[in-house]
Amino acid sequence: MNFTRLVAATPKRAIASLISLGLVATAACNDNSALLTGVNTNRQYVQIERLGNPLVSEVFFPKRDHGLDNTKSPIDDTQPMTNRGTDVPGHIRAFASAFGRSEKIITTLGSVLAPDELLVFPNRAPATAGWLTWALANGYGGRKLTDDVVDTGLTAVFGNILDPAAPVIAGLTSDNVPPSVRSFSPSFPYLESPRP
Amino acid sequence: MRNRYLTRGRYLSILFAAGVAASVGGIGTLLASDHQDTPEVELNPRMDINDVYAFPGSSPDRVALVLTTSSPIAGQTASFDPDLLYQIKIDNGGDANEDLVFQITFNNGVGSAQQVRVVGPIPPPAGPGTVSTLSNTTPVVEGAVNSILGSATGVQVFAGLRADPFFIDLEQFFNIIPDRRPSTGVLSTQTGPAQSSFRNPGVDTLRPFNCLAIVIELPKAQLISSSTSTDAKFGVWATISR
């Protein structure tokens with residue numbers, strides 16, 4: 001039987017129902033007003049990526065441990081890896097020791113960056129906001145878009161801001177890319193418009 | 001205009017080409033941060049959290065939270081992954097566990113046709129930890145990406161394409177710490193002698209590229225209750241789950 005004969009032989013009500021079903025299905029697929037896509041309270045989502053403070057994983061963790069760090073929580077950060085933790089202080093010690101950095105620098109960084117949360121003291125003066133200002137200057141903390149976190153991190157590890165007696169490793173305290181390379185907006189949503 | 005996500009290989013090909021062009025022009029060499037920190041997110045950029053920010057909002061009683069993902073993006077068309085759960089987590093109890101979460105999900109629209117749904121801040125529906133479930137709580141904001149949603153006095157949200165805000169000389173970073181190199185692409189192998197210091201001036205590697213950003217601004221009282229103590233604090237981190 002060819003298609004024309006099949007259609008001719010099919011009761012009109014059945015065809016109408018099929019067409020109706022098709023329209024309903026099409027409408028459902030294209031309905032962007034139904035914003036609940038993916039809202040299935042029975043589905044379990046497993047964490048595959050994590051980030052708190054900038055540079056903690058990228059700088060202090062060897063590449064082989066980045067996946068581990070991504071699948072853990074801040075509460076795991078002070079636990080040794082033998083106890084299924086990420087051992088942020090231990091990773092900092094291993095990295096900084098390789099560059100001969102002092103015990104004071106190592107212990108300070110470990111206490112400030114673990115657990116790995118971006119700390120915010122929102123009742124402090126907004127003008128004092130900036131990465132790690134809560135630890136360095138009793139400030140607001142957090143992380144502003146204009147913060148040169150690379151230089152701050154490099155200076156903390158390779159400079160003498162955390163230990164005046166520590167030698168400064170020339171050439172490693174700045175990547176020489178200043179915040180002025182960006183022009184952030186003072187109003188919401190703050191980030192620059194997309195590049196072409 | 002060719003608009004698409006770049007795989008690491010494509011990204012680095014363009015960077016290489018841009019570097020050659022820049023060198024010819026006498027500008028210098030452009031080459032390629034938690035950007036692309038594992039092989040899995042190199043292959044799936046929408047699973048990659050690039051950066052997290054938290055800073056004072058439009059008034060002293062407000063806080064802005066930012067999550068960026070998917071960098072580097074060349075061009076202006078990109079979409080969030082509708083199968084992923086993006087979360088910004090808040091620890092206001094000081095025990096290194098999340099007490100509040102924002103759950104951000106997207107439908108399967110493409111580009112500016114995509115819709116965002118934001119729930120929170122709410123206690124984590126499945127409790128703290130690395131396994132999450134979605135809340136069926138009424139969203140605080142939902143609507144189109146690439147637009148400002150919500151209220152300037154309540155919860156305000158932007159989700160969409162922006163220029164990548166992170167600045168770093170990434171190529172030189174990899175030359176100093178080769179272990180952190182990506183697994184594939186030009187920068188996966190040493191292209192010059194190992195370096196022991198940064199160059200001056202440095203190269204703003206991510207300058208040409210875009211990212212997908214989620215920006216949430218809200219009254220700080222929603223994160224630390226009504227405490228006025230200058231020692232009141234909260235910790236922030238972001239996660240992506242699938």
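What follows draws every value from the coordinates through simple rules; no lab data is involved. Just so you know, these numbers come straight off a predicted model, no measurement behind them. Positions of Cβ are generated from backbone atoms using ideal geometry, with glycine treated the same way; all protein chains shown enter the neighbour counts.
Under 10 Å from the Cβ of A:LEU154, count the other residues' Cβ atoms, weight Lys and Arg +1, Asp and Glu -1, and hand me the total.
Working: positive: none; negative: A:ASP148, A:ASP151, A:ASP175.
Summing Lys/Arg as +1 and Asp/Glu as -1 gives -3.
Cα-based Rg of the stretch B:34-141 per 2.2 N^0.38 Å, rounded to two decimals? Could the numbers behind the result be given before it?
On the way: Rg = 14.9 Å, N = 108, 2.2 N^0.38 = 13.0 Å.
For the stretch B:34-141, the normalised Cα radius of gyration comes out at 1.15.
List the lysines whose Cα sits under 23 Å from the Cα of B:LYS233, skipping any in the same chain fewer than 8 residues away.
A:LYS72, A:LYS144, B:LYS89, B:LYS220
At 20 °C and 1.002 mPa s, what whole-number value in µm²/s does Stokes-Einstein give for the translational diffusion of the stretch A:49-141, with Rh from the Kirkwood sum over Cα pairs?
Values: Rh = 13.8 Å.
Answer from the Stokes-Einstein relation: 155 µm²/s.
Taking each pair of distinct Cα atoms in the stretch A:50-95 once, what is the resulting Kirkwood hydrodynamic radius in Å? Walk me through the numbers on the way to the answer.
Working: mean 1/r = 0.0970 Å⁻¹.
For the stretch A:50-95, the Kirkwood estimate is 10.3 Å.
With the contact rule set at Cα under 8 Å and sequence spacing of 6 or more, what percent relative contact order holds for the stretch B:70-112? Intermediate results must be reported in sequence, preceding the final value.
On the way: 45 pairs, mean separation 17.3, N = 43.
Rounded, it is 40 percent for the stretch B:70-112.
Largest first and to the nearest Å, give the Cα extent of the stretch B:60-212 along each principal axis.
Result, largest extent first: 56, 40, 35 Å.
Calculate the radius of gyration of the Cα atoms of the stretch A:87-196 to one decimal place, then report Dmax, the largest Cα-Cα distance, as a whole number, both in Å.
Every Cα atom of the stretch A:87-196 included, Rg and Dmax give 15.7, 48 Å.
So, in Å, what gap is there between the alpha-carbon centers of the stretch B:155-234 and the stretch A:45-97?
17
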